[in-house]
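None of the figures in this text is laboratory data; all of them are computed from the coordinates on show. Note that the coordinates shown come from a computational prediction; the quantities given were computed from them, not determined experimentally. Here the Cβ positions follow ideal geometry from the backbone for every residue, glycine too, while neighbour counts run over all protein chains shown.
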Amino acid sequence: MDELLDILNEINPDVDYETEDNLIDGKVYDSFSIITLIGELCDRFDIEIGPKWMRNENFNSAEAMWNMIQAIREEESV
C-alpha cells in the first residue's frame, strides 16, 4: 500500500489519500491524471488493468485501488 500512496502523491501531492474517497466522482483527478495513474499502476505492480476494472469505484480512493490491485494479482496468478 505504501508504494501505491507514493504513486498517488507523485501525481497529486495535495490530496489526503488516507481519507479521500471521491477522487474520480469528485473530479479530484482529471483525465490526464487518470491515464498517468493507470500507466504507473501497471508498470509498478506488473499488472494489466483491463476494461472490466475501468470503473469509477475502483479509482475513487486509495483503498479501492489497492483492493483492485490485489484482485488483479489474484486473477492473474490463477
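Couple of notes before you dig in:
- Calculated log₁₀ intensity ratio I(q)/I(0) where the Debye formula runs over C-alpha points of the stretch 2-77, q = 0.23 Å⁻¹: -1.12
- Those trypsin sites (Lys or Arg not before Pro) in the chain that DSSP places in a loop and that have at most 14 other beta carbons within 10 Å: 27, 55
- Between residue 42 and residue 10, the distance separating the two model label sites (each 7 Å from Cα on the Cα→Cβ line) works out to 1.5 nm.
- Using C-alpha pairs below 8 Å separated by at least 6 residues, the relative contact order for the stretch 1-68 is 42 percent.
- For the chain, calculated [θ]222 nm from helices alone, where every DSSP H run of n ≥ 4 adds -39500 (n - 2.57): -17500 deg cm²/dmol
- Restricting the chain to GluC sites (Glu not before Pro) that sit in a DSSP loop and have at most 12 other Cβ atoms within 10 Å of their own Cβ leaves 18, 48.
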